[in-house]
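Contents: one structure, followed by commentary.
The values are calculated or read from the model by the stated rules, or taken from the named source; none is laboratory data. Just so it is clear, the model here is predicted, and its values are computed rather than measured. Here the Cβ is made from the backbone with ideal geometry for all residues, glycine too, and neighbour counts use every protein chain on show. To get the accessible areas, we keep the full protein, side chains included, count just its heavy atoms, and leave off ligands, DNA and RNA. Shrake-Rupley method; radii C 1.70, N 1.55, O 1.52, S 1.80 Å.
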Amino acid sequence: MGQWNPGWGPTRWSLGKGGGVGGHFLRRHRRVGCWPLLPPPPPIHMVVDNAGFELFSDLCLADILLAGGWTSTVVLQCKSHPTFVSDACAKDVTWAVGELGRSPVAATAELGRRWGELLASGRLVLVENDFWVQPSAFWEMGASLRAELGGASLVVVKGDANYRYVGGGGGGGGGAGSGRAPAASAGSGGGRQLTRRPRQTTRMGGSREEQRVE
């Protein structure tokens, strides 16, 4: 049988034994020709956090994933509005790509041009969702966003705020501020009950009672 090596190109020939006693034959490997027959890989979603250099790094990673054939589509999950001044919305991505494309540095301008083409072709997709600006944990995600991310081959979550969403430390109701999922206690009919207790906190020189999920 012919020997196959994944590092060989589509026109590389290999030498193998067969076809008769002591016989040899050459086989041409057509590995690249099979790719169009395969279904396109699911998209990769990236949950972005901040604009500026962090967003530039996100675009570099998206470019690598697309150029390397890891996926045919990268979806950037952007914030619907800037809760903090540095939060990245869809318009921040398009503005950054446009500015890069107008750079006097040739290599930088080439990046902006290529990323602009990815946006225009639909290989790089920008979406916004209100969930990314809410103080909610990932287990409180709505059904539509959950289904959208569930169809991805990979979800990249990075940034301090998004890390808090994953771990539940974003602050807010439903257990997000407690740093862990709401605890369940035994109740009638096997249902889940939340046990809450007041917690004394001090803010701005004063004090107030907060409800914390325990």
Inset, instruction - Please calculate how many Å² of accessible area the range 51-179 carries per residue, with a 1.4 Å probe and no DNA, RNA or ligand atoms counted. - result: 50
Legend entry - Filtered chymotrypsin sites (Phe, Trp or Tyr not before Pro), the range 82-170: DSSP coil and at most 16 other beta carbons within 10 Å: Phe84
Inset, instruction - Just the number, please: Stokes-Einstein D of the range 40-126 in µm²/s, Kirkwood Rh from C-alpha pairs, 20 °C, 1.002 mPa s. - result: 164
